[in-house]
C-alpha cells in the first residue's frame, strides 16, 4: 500500500491534560479500565495499527492540576490486547529504570500472548523525580542515559535472538524436549550490564517485538539509527519533519540497514468535530482550561529564558533565544520543535502553548474531519512521515471522532488500510523479520 | 462460609513435567495463549478463587527433557484476567530480581485493571542461574535474599498505602485535581533500597493486592508472619501441615496481627478421573514418563546424600539422612516435607519421587472425584489448611477433571463456594482491608 500507518494515543484525559475540567469529562477515567476497553474496541474497528501510551515511573507535581502519569502501561495495554484480536500495543518503557533481562522477557511473553502485536517504546526517562524511586542520588545525565540505553538494546535484542528456530524438538519417543545446541547464552559483559541469558522460552510470532524509539537528542538519534523499527517524533513545521526523517534514514543506512526499514511516526494532537465551527468552539473551550501563567513559566524555562521576562502575551522573537538547548530542557526534540516555530516569526507564549496543544509541545491540528484528513495527506505527501501517532486533544471526544469521522475519509482516499493485512504489527508496518544478530555460546 | 478456598495451578504440561510425552499432549501448549484462555474459563465457571503460576527468571537445564519456566507470569495471567470477570490471578514475582517501585506499581495497576483480583506470590528465587541474568557474580545466599525480601515488602506495602482516600479532589470549578497533602512519599532509606515514592496513582479496589508468600525457610516464615495474607506451602503429611499452620498463625499473632488474617493454601498435586481404575491407569502412564535415574540423583543430593549410594529402588531410612538441611538443597520447605515422609518408614527414591509427583515434591493425590473430594475434606477438617492450591498432574486433563468432577462434589458438601460472594479476591479470602501502615511526609 502507498498510504500511511496510524497509531492512536490513549493518554487520558487527553493531550490537553486539563480537559478533565470540561463539563462532560469523567475526571477518574484515567484509572478506569472500561474507558480504555471502549477506546481499544473503537480503534480496532477503525483498523488503527496500534494504541500507544507514554509513561514515566514517577508521580509529577502537576497532579495538583491534572492527571499525569497513569497506570503501568504494560499492565494496562496488555489487558487491552487481550480483548482485541488485531490491534497492536505500543508500550513505553524506561531503559534507565528497568533491567534488560526482565524487560526482554516481558515483551517476548507479550508477543506470544498477543500473537505478534507487541511493541516497546524505548525511552530513557526525562523526569528527574524518577531517580529517587530507584535508589539513585540524582537523575543520570542524558549522555549517560543514552549510553545505557544503547547497551540495553544490544542486550535485549540479542536475548530475543537467543533461540534458533527448531530449538524445541519435542520428540515424545526419546523424551528429548529441546536441543541445547540451538539455545544460546549471550554472556554479555558491558559498562552497565552483565547478562548471561538465555531467555526461558523461544521467540514469539514477530521474532522480536517491534522496537519504537522516541528521543530526539543526539543519543536518541544514534539509538534510532542503530536499533529502531519505528521512530516516534515531534514537529511543528514540515521542514523540520522532512529533515528529521531524512536524517534518521541516513543514520540507518550508515549503520548498514535498509532505510525503508525505519518508519517515522509523527505525533500530532488532533481536535476534530463534524464541522469546523464545532471544532473551533471546542478549541476555545480547551484553551480556557489551561493555567496559562504557569505554562508560560514552564515554556520560557524550557527555552532557556529567565522567569518573568515574558508574560503570556509578550512576543518572543528568534533573537531573544539563547544559543542551543539549555541543560534543564525537558526534551531536546520538543525544544528544537518549538524553536522552529519561533523561527517562523515572533510568537507569544500563549500562541506557542496553544499551538503546542496546551504545553504538550506536539503540533495541534484543529478542524472538520475533511480538514484533518487533508492536513495529514499533505504532510504525508511532503515526505514528513511514514505514519502518524494521533494524540487526541480531549480523549473522551477526539479518539472516537478521529476513528469514526477521519479514518473513513483516509480509507476512501486509499491512504489508510481498510483491513488488517497481516496478523502481526511488524508485518503491517512492513518491517523485515529480524536477522539473528550473533552466534554466541550454547547453554 | 465454613469451607475452603481453591486455587488452580496453570503449570503446563503439568506438575508431572514430563507429561508432554503422553500421546494426547500438545508439547507446545505452555507457549499457547489459547490453551491458557481455555483453562481460565474452565476455572471461572467452576468458581475457583484464583489461578496460580510459579516462576523464576532463568532458563534451567531441564529444558532438555521438559518445558520448565514459561512465559512471564505477569503478562500471561494479566491476559487471562482480562478475559474473565471474577477469577483471581496469583502471580509469582522475585524480590531478588525486581525493584520494589516497579513491582509495586505493576501490581497496583493490575489491581485497578482487574477490579480487585490481583495477588502477588512473593519468592526470593532459589535458582542460582538467575543471578547471572541480573549482573550478580553469584546467587545471593538465602539469608541475604530474605533480608532483602523483608525490606522489599516493607517498601512495597508503604508505597501501596501512599495515597489517602480522598486524595483526588477533581474540583472542576477551581481546577484543583489532587490534594498533595493526602499523597505521601515514603522516603525509604535501607540496606538494599532507597525509594522516595509516591506511586503515580491511588490504590486499586483491594487497597493492596493480596500478598502471597511461598518460602518455608526461617526467613520465609518470618516474612509470612509479618506480611503475608496467604501462605502457599507444601506437606506430605497431615502432621507437618498442621504444625506449619499453627506456627504461621502464632508468628502472625506475635507480629500483632489477627491470626485469622493469614490463610494457608496447601499445594497438592491432583490426578483425578471418573473412576479410580482410570486414575490408576493414568498414574502408571505418568510414572513411565519419568527419567527415574536422573531424578534419583537430584533427590538424593537434595537430601544431602552422596551420588550413587542409593539407586531408584534402594530403601532410604531415617538413619541414613544427615542432620539438617544441606546447603545446596533446592528448597527448605520441600526438604522438610520429604524428610517427614521418610520418617514414617524407609522409602525408596522411586517411592518418594512418585509420591512427590515426579519430583515436584508436593503430595500426589490420585483417585476418583469422590476420593479426591474425601481426601481434601479430611485434610481440611484436620486443620491442615484454609484452602488448597490444586496442581494438576497432567494439566491438559486434570485441570478440567478437577473443575468439572471434583468441584461440584465439594459444593454439594458445602465445602466450596457455589458463587463468587465478593468481587475482590481479598474479600473472597476473608482478608481485612489493609490499614495504612504509616503517615510519612507529603509530596
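Here, each number is a calculation from the coordinates, and none is a lab measurement. On a predicted model such as this, the values are computed, not experimentally measured, just so you know. Cβ sites come from the backbone with ideal geometry, for glycine too, and all protein chains shown count toward neighbours.
What full-extension length gain, to one decimal in nm, is calculated for residue A:246 and residue A:181 as 0.36 nm per residue of separation minus the Cα-Cα distance?
Working: separation 65, 0.36 × 65 = 23.40 nm, distance 4.21 nm.
Extra length from residue A:246 to residue A:181 when fully extended: 19.2 nm.
For peptide B:168-178, how many partner chain Cβ atoms fall within 10 Å of a residue's Cβ, on average? Each step should come with its number before you reach the end.
Numbers: counts 5, 2, 8, 2, 8, 1, 2, 9, 4, 13, 9.
Whole-number average of other-chain Cβ neighbours for B:168-178 is 6.
Need one number: the % of Cα-Cα pairs in region A:291-357 sitting beyond the 18 Å mark. All intermediate terms of the calculation are to be shown ahead of the outcome.
Working: 531 of 2211 pairs.
Taking all Cα-Cα pairs of region A:291-357, the fraction more than 18 Å apart is 24 percent.
Can you give me the distance in nm between label points at residue A:38 and residue B:293, each placed 7 Å from the Cα along the Cα-to-Cβ direction?
6.5 nm
Tilt of helix A:33-45 relative to the longest C-alpha principal axis of chain A, in degrees (0 to 90, nearest 10)?
Roughly 80 degrees, rounded to the nearest 10.
What average number of partner chain Cβ atoms lie no more than 10 Å from the Cβ of the residues making up A:198-207? Don't skip to the end; give the middle numbers.
On the way: counts 4, 6, 15, 10, 2, 0, 2, 0, 0, 0.
That average works out to 4.
Once the Cα atoms of helix B:238-254 and of chain B are each reduced to a long axis, what angle between those two axes, in degrees from 0 to 90 to the nearest 10, is obtained?
Helix B:238-254 sits at roughly 20 degrees to that axis.
Using all Cα-Cα distances in region B:154-226, what percent lands in each 5 angstrom bin from 0 up to the longest?
Cα pair-distance distribution for region B:154-226, in percent: 3, 14, 18, 17, 18, 13, 8, 4, 3, 2, 1, 0.
Share of antiparallel DSSP beta bridges in chain A, in percent to the nearest 5? List each step's numbers first, then the result.
Values: 7 of 46 bridges.
Restricted to chain A, the bridges split so that about 15 percent are antiparallel.
Determine which chain A residue has its Cβ at minimum distance from the rotation axis mapping A onto B, giving the value in whole Å.
A:82, 2
Averaging sequence separations of C-alpha pairs under 8 Å and six or more residues apart, then dividing by the length of region B:333-443, give the relative contact order as a whole percent. Please list the in-between numbers first.
Values: 48 pairs, mean separation 16.1, N = 111.
Worked out over region B:333-443, it gives 14 percent.
Could you work out the Kirkwood radius for chain A, taking every pair of different alpha carbons, averaging 1/r and inverting it, reported in Å?
22.6 Å
Rounded to the nearest 0.05, what FRET efficiency do residue B:314 and residue B:254 give with R0 = 41 Å and r taken as the Cβ-Cβ distance? Could you check? Let's see the in-between values first.
Details: r = 43 Å, r/R0 = 1.05.
Once the sixth-power term is evaluated, E becomes 0.45.
Which distances, shortest first and in nm, link residue A:297 to the matching position in the other copies, using label points set 7 Å out along Cα to C-beta?
The projected label point of residue A:297 is separated from its counterparts by 7.0 nm.
Rounded to whole Å, give me the distance from the Cα center of region B:189-238 to that of region A:339-377.
For region B:189-238 versus region A:339-377, the Cα centre distance is 49 Å.
If a/c stays under 1.5 just call it rounded; otherwise compare a/b with b/c (prolate if a/b is bigger, oblate if not). Do that for region A:24-106, with a ≥ b ≥ c from the square roots of the Cα gyration tensor eigenvalues. Please report the intermediate quantities before stating the final value.
Working: a/c = 2.38, a/b = 1.06, b/c = 2.26.
Oblate, since a/c reaches 1.5 and b/c is not below a/b.
If eta is 1.306 mPa s and T is 10 °C, what Stokes-Einstein diffusion coefficient results for the protein assembly as shown, Kirkwood Rh from Cα pairs, in µm²/s? Before the final figure, lay out the partial values.
On the way: Rh = 28.7 Å.
Rounded to a whole number, D works out at 55 µm²/s.
Tell me, what are the semi-axes, in whole angstrom and largest first, of the equivalent ellipsoid of region B:213-257 as set by the roots of 5 times the Cα gyration tensor eigenvalues?
Working: eigenvalues 59, 26, 13 Å².
Working from the Cα gyration tensor, I get semi-axes of 17, 11, 8 Å.
Find every distance from the label point of residue A:432 to the corresponding label point in the other copies (7 Å from Cα along Cα→Cβ) and write them in nm, one decimal, shortest first.
For residue A:432, the other copies' label points sit at 6.2 nm, shortest first.
How far is helix A:369-381 tilted, in degrees, relative to the longest principal axis of the Cα atoms in chain A, given as a value from 0 to 90 rounded to the nearest 10?
With rounding to tens, the tilt is 60 degrees.
In region B:266-311, what is the volume of the convex hull around the alpha carbon atoms, normalised per residue and reported in Å³? Intermediate values should be presented prior to the final figure.
On the way: hull volume 4.5 nm³, N = 46.
For region B:266-311, the hull spanned by Cα atoms encloses 97 Å³ per residue.
What is the mean projected area of the alpha carbon convex hull for region A:2-154, to one decimal in square nanometres? Don't skip to the end; give the middle numbers.
Working: hull surface 43.1 nm².
Here the figure is 10.8 nm², rounded to one decimal.
How many nanometers, to one decimal and shortest first, lie between the label point of residue A:191 and those of its other copies, if labels sit 7 Å from Cα toward Cβ?
So the label point of residue A:191 gives 3.3 nm to the other copies.
Across region B:246-355, how large is the tail of the calculated P(r) beyond 26 Å, expressed as a percent of all Cα pairs? Let's see the in-between values first.
Working: 2222 of 5995 pairs.
In whole percent, the share of Cα-Cα pairs in region B:246-355 beyond 26 Å is 37.
Once you average over the residues of A:33-44, how many Cβ atoms of partner chains fall within 10 Å of each Cβ?
On the way: counts 6, 1, 0, 1, 2, 0, 0, 0, 0, 0, 0, 0.
The shielding value for this peptide is 1.
Given all pairs of different Cα atoms, what value in angstroms does the Kirkwood hydrodynamic radius of region A:77-200 take? Write down the numbers at each step before the final one.
Numbers: mean 1/r = 0.0609 Å⁻¹.
16.4 Å is the Kirkwood radius here.
Using only C-alpha positions, report the orientation-averaged shadow area of the convex hull of region B:176-319, nm², one decimal.
16.1 nm²
Can you tell me, using C-alpha contacts under 8 Å and at least 6 residues apart, the relative contact order of chain B as a whole percent?
Numbers: 863 pairs, mean separation 102.8, N = 443.
It rounds to 23 percent for chain B.
Tell me, how many Å apart are the Cα centres for region A:110-130 and for region B:1-43?
With region A:110-130 and region B:1-43 each reduced to a Cα centre, they are spaced 29 Å.
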